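Below: the structure, in structure tokens.
The values are calculated or read from the model by the stated rules, or taken from the named source; none is laboratory data. As the structure is a prediction and not an experimental result, all values here were calculated from the model. No Cβ is skipped: glycine too gets one built from the backbone with ideal geometry, and neighbour counts run over all protein chains shown. Only protein heavy atoms, including side chains, enter the accessible area calculation; ligands, DNA and RNA are left aside. Shrake-Rupley method; radii C 1.70, N 1.55, O 1.52, S 1.80 Å.
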Amino acid sequence: MLANVGLSDSEFKKFSDLIYEHTGIFLKQEKKELLNARLSKRLRACQITSFQQYLKYISAPEQKDKEFVHFLDAVSTNFTSFFREIAHFNYLSSSVMPKLISESYSAGRKELTFWSAASSSGEEPYTLAMVLDDFLRKNGSKKVRIIATDISTKVLQKAVNGVYSMEQTKNIPGDFLKRYFQKGVGQSVGKVKIKKAVSQMVEFQRFNLMHDFPWREEMDVIFCRNVMIYFDRETQQRLVQKFFHCLRPGGYLFIGHSESIASIKHNFKQVEATTYRKL
């Protein structure tokens, strides 16, 4: 049974240092109670009675791909929604796609590659897939590849399943909902499932943004939205540089509306609010 003792300041620092080392997420002191609540659930699941014991447990080499993954799942923030910050998707359709298609034809490239770098439970990459499919239906065919990554195995599994409540679909236009989702029946009433034609457009992978990028090809578009707000300036600097090198010339980076890279050094040109291009 978990001892009725909260997370101490020294334990909070040890856990937050570990989180920063592995994820780049910087936890301020005011996040102590949140971390206390989330880790308490993992202690109960593991039948461990103290935070100190849990710290030792997850630090064991044999737990690297076991409980340590659950630990990272527990501390990850995964709020998202379909068509979140819709201005980005409107700009993608109206300006980005026409440019990319024209340039890809001129360069003889047959495929465009998109990366949802913090895909959470799938709403962002599936929105991206729907928007791209809708655009290509109206403007000619083009092969697209969408890579979707997240550090949390829990939300990635939900994304792969592609099942959502009707409440979660409230921001999806009616014609998109009809075209790209199947309504649940029987025990699944009140839920929808993304159609196979859309889910097949997205490749989900577990990936830590702090690691070296494994992609061999250059990306055309990267969505990394509402993630860097959890990083300190040094981590943001490194990540933005990695994104720049990962994009092909003419590629785009979208960040969250609450984020800014104005205070760090980068070689991007800002083309819209929170939208940048590698020229």
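Can you give the net charge of the other residues whose Cβ lies under 15 Å from the Cβ of Ile261, counting K and R as +1 and D and E as -1?
On the way: positive: Arg225, Arg233, Arg238, Lys242, Lys265, Lys269, Arg277, Lys278; negative: Asp232, Glu234, Glu259, Glu272.
Within the 15 Å Cβ shell, the charges total +4.
Amide H contacts for Phe223 (H built 1.01 Å from N in the peptide plane; partners 5 or more residues away or on another chain; cut-off under 5 Å): Trp115, Ser116, Ala117, Phe254. Using the rule -39500 (n - 2.57) for each DSSP H run of four or more residues, divided by the residues of the chain, the 222 nm mean residue ellipticity is -12500 deg cm²/dmol.
Express the carbon and sulfur contribution to the solvent-accessible surface of the chain as a percent, rounded to the nearest whole number, probe 1.4 angstrom. Intermediate values should be presented prior to the final figure.
Working: 7350 of 14430 Å².
C and S atoms contribute 51 percent here.
With all protein chains kept in place, the per residue accessible area of the chain amounts to 52 square angstrom at a probe of 1.4 angstrom.
Taking 0.36 nm per residue of sequence separation and subtracting the Cα-Cα distance, how much length would be gained by fully extending the chain between Lys170 and Lys110, in nm to one decimal?
Numbers: separation 60, 0.36 × 60 = 21.60 nm, distance 3.47 nm.
Taking Lys170 through Lys110 to full extension adds about 18.1 nm, to one decimal.
With a simple spin-label model that places each label point 7 Å from the Cα along the Cα-to-Cβ direction, the separation between Glu218 and Phe244 comes to 1.4 nm. Please find, in a Gaussian network model of the chain (springs between Cα atoms separated by less than 10 Å), the residue of Glu30, Glu21, Glu124 whose mean-square fluctuation is greatest. Ranking Glu30, Glu21, Glu124 by mean-square fluctuation puts Glu30 first. Per-residue extension of 0.36 nm, minus the Cα-Cα distance of Val160 and Phe26, leaves a gain of 45.4 nm for this segment. Modelled spin labels at Ile264 and Ser102, positioned 7 Å past Cα toward Cβ, are 3.1 nm from each other. What does the charge count near Pro249 come to, summing +1 for each Lys or Arg and -1 for each Asp or Glu among other residues with Cβ under 14 Å from its Cβ? Taking every other residue near Pro249 into account, the sum is +2. Note on Arg179 and Lys41: the extension gain reaches 45.7 nm, defined as 0.36 nm multiplied by sequence separation minus the Cα-Cα distance. This structure gives Cα Rg over 2.2 N^0.38 Å, computed directly, and of (i) 1.09; (ii) 0.92; (iii) 1.37 that value is listed as (i).
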